[in-house]
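The values are calculated or read from the model by the stated rules, or taken from the named source; none is laboratory data. Note that the coordinates shown come from a computational prediction; the quantities given were computed from them, not determined experimentally. When we count neighbours, we look across all protein chains shown, and the Cβ atoms used for this are built from the backbone with ideal geometry, even at glycine. Note: accessible area is taken over every heavy atom of the protein model, side chains too, but ligands, DNA and RNA are not part of it. Shrake-Rupley method; radii C 1.70, N 1.55, O 1.52, S 1.80 Å.
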Amino acid sequence: MCLRSFFGVLYACVVSQQNRWWIKNPIKSQERVFGSLISQASETAFGKEHDFKHIHSYEDFKSRVPIRDYEGLKTYVERTLKGEENILWPGRPLYFCKTSGTTSGTKYIPISKESMPYHLKGAKDAILSYIEETGNAQFLNGKNIFIQGSPELDFSKKSPIGRLSGIVAHHIPWYLQRDNKPSFDTNCIEDWETKIEAIIDETLSENMTLISGIPPWVQMYFERLAKRTDKKIKDIFPNYSLFVYGGVNFEPYKNRFLELVGKDVPSVETYPSSEGFIAYQDKQKTEGLLLCVNHGIFYEFIESSQFFEENPKRITLADVEVGKDYVLILNTNAGLWGYNIGDTVRFVSTSPYRLVVSGRIKHFTSAFGEHVIGKEVEEAMRQVLKKQSAIVTEFHVAPEVNPKTGLPYHEWYVEFKEIPSNEAVFAENLDEAMQKQNSYYKDLVEGKVLKPLIVTKVREGGFHQYMRSEGKLGGQNKPPRLSNNRKLANSLTPFLDDRQ
């Protein structure tokens, strides 16, 4: 064992031991975070307007602070962008994270000097948990890459503005910078396809051992590597031994990764967001991600089935139940209050608290009352791909409410790397899998309200071409799995496979 990996194992053991207290005491940790947040923000403009000085319990908090999305907090954010201090959180934000919203356009999420360390700690703890559990730290002896957005910052406001991954790039510890790829200049390339080629130029001859990023963009990197060299990734990077990812579910990409890499590489899933680092995979063989309960975020939850009611019930971590889908609400040490992040989560364990991301509250298909969510379509696709020799690159589901003839249906836009030998059987199996995932959908099909789903093929590279046409190729962008309308579906029309 090399010196770096030896000390890596020791450090992982120390940090894991330190983390055991909050893992074993999640409710007490959340109570402490809650008290600290209210105390620190009591003199802010938001704290005064919502009477934080008289909040002594969660019930007090709920009665004073409503649930909001970005639009609901936008006026406070705009005041802070203009340079006002002590608006949502004491002082001014360290940064504003610029991100694209599905309904709000560009969003500017504050990152404070108190919240920034937790963005880094979550990622670090995810890797250290892997080392502590497996004893494998050999990847520390090679080079690592994080395929990310540009680290260039906009200094036109009082607080610098950038993309989350680019902001994080400015805080990589000095002792890791020597082995971190790509270079700053390459990271700053705006055109994503040009950037990928430059990353390949920098990494092709290196000993790459840890590769991280959002799966579709890492996949694009692998595909370009394979095309240039006509080799498997394992032959290009023989010591590649850990994949760290977040942002989307890896399962739909897994078969394609295995084909490109040529071997099964261990992976660690993380749940980062502009609003805070929420959870990470702490066990290789245990389902779910460990919720970060001691990281400057106080969590609230609303059952997704109740979310659109007039007064949905808000609960704390202490009252969540395994197997239910909840809309995730954040209160953070960057000044977000009662903030609907837009994600739905499902707990798979409460000792400790582990969850899976089950979808987006705004990304669903329910044109007929079925309320199909992301987790269900991804699981249905996973089950079918286990049965049939097909490889799917990307897919999107939209309702067809007014077909030219016949009953309405769900239309699945699927980009295949390898087309199934029997496309009709593939569609039948996919529909059967969906009926098992969602009983409402099953009732609609059996009741002749809907006909079985239809698979429409997107040509190879079509989703990338669509994302490029929208100016969203690369970075943290990814196409949604589901929509309750046909806006994206109609935009995919120029990129369909002619061999329908």
Chain lengthening between Thr229 and Asp498 when straightened (0.36 nm per residue, less Cα-Cα): 93.9 nm
Per-pair calculated FRET efficiency, R0 = 35 Å: Lys263 and Trp21 via Cβ, rounded to 0.05: 0.40
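Mind giving me the FRET efficiency for Gln383 and Lys53? R0 is 45 Å, r the Cβ-Cβ distance, nearest 0.05 is fine. The partial results should precede the final answer.
Working: r = 53 Å, r/R0 = 1.19.
With a Förster radius of 45 Å, E is 0.25.
Would you work out the relative contact order for region 365-500, in percent, from Cα pairs under 8 angstrom that are 6 or more residues apart? Don't jump to the answer; show the numbers that get you there.
Values: 209 pairs, mean separation 42.8, N = 136.
This gives 31 percent for region 365-500.
Per residue, how much accessible area does the chain have with a 1.4 Å probe, in Å²? Walk me through the numbers before you get to the answer.
Working: 22020 Å² over 500 residues.
I get 44 Å² per residue for this part.
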Stretchable slack from Gln465 to Cys188, in nm (0.36 nm times residue separation minus alpha-carbon distance): 97.6 nm
Computed E for Ser491/Phe155 - FRET, C-beta separation, R0 30 angstrom, nearest 0.05: 0.30
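Taking all protein chains in place and a 1.4 Å probe, what share, in percent, of the accessible surface of the chain do carbon and sulfur account for? Show your work: numbers first, answer last.
Values: 10780 of 22020 Å².
Whole-percent figure for carbon plus sulfur exposure: 49.
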Approximate spin-label separation Ser439-Ser349, in nm, with each point projected 7 Å along Cα-to-Cβ: 2.8
Two-site label geometry, Asn136 and Glu197: point separation in nm, points 7 Å out along Cα→Cβ: 3.4
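Output the peptides 482-489, 419-426, 241-248 sorted from most to least packed, where packing is the average of other Cβ atoms within 10 Å over each peptide's residues.
Details: 482-489: 16.5, 419-426: 15.0, 241-248: 21.4.
Ranked by mean Cβ neighbours within 10 Å, highest first: 241-248, 482-489, 419-426.
Can you give the extra length, in nm with one decimal, that the chain gains between Glu78 and Val14 once fully stretched, where that is 0.36 nm per residue apart less the Cα-Cα distance? Walk me through the intermediate numbers first.
On the way: separation 64, 0.36 × 64 = 23.04 nm, distance 4.21 nm.
Extra length available between Glu78 and Val14 comes to 18.8 nm.
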Radius 12 Å from Cβ of Phe46, net charge of other residues (Lys, Arg +1; Asp, Glu -1): 0
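Sorting Ile38, Ile67 by accessible area (1.4 Å probe), largest first, what list results?
Numbers: Ile38 15, Ile67 55 Å².
Correct descending sequence by accessible area is Ile67, Ile38.
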Theoretical ellipticity at 222 nm over the chain - DSSP helices of four or more residues, -39500 (n - 2.57) apiece, nearest 500: -11000 deg cm²/dmol
Estimated vicinal HN-Hα couplings, Hz - region 80-92 in sequence order (Karplus 6.51, -1.76, 1.60; Gly, Pro = x): 5, 4, 6, x, 5, 9, 6, 8, 9, 8, x, x, 10
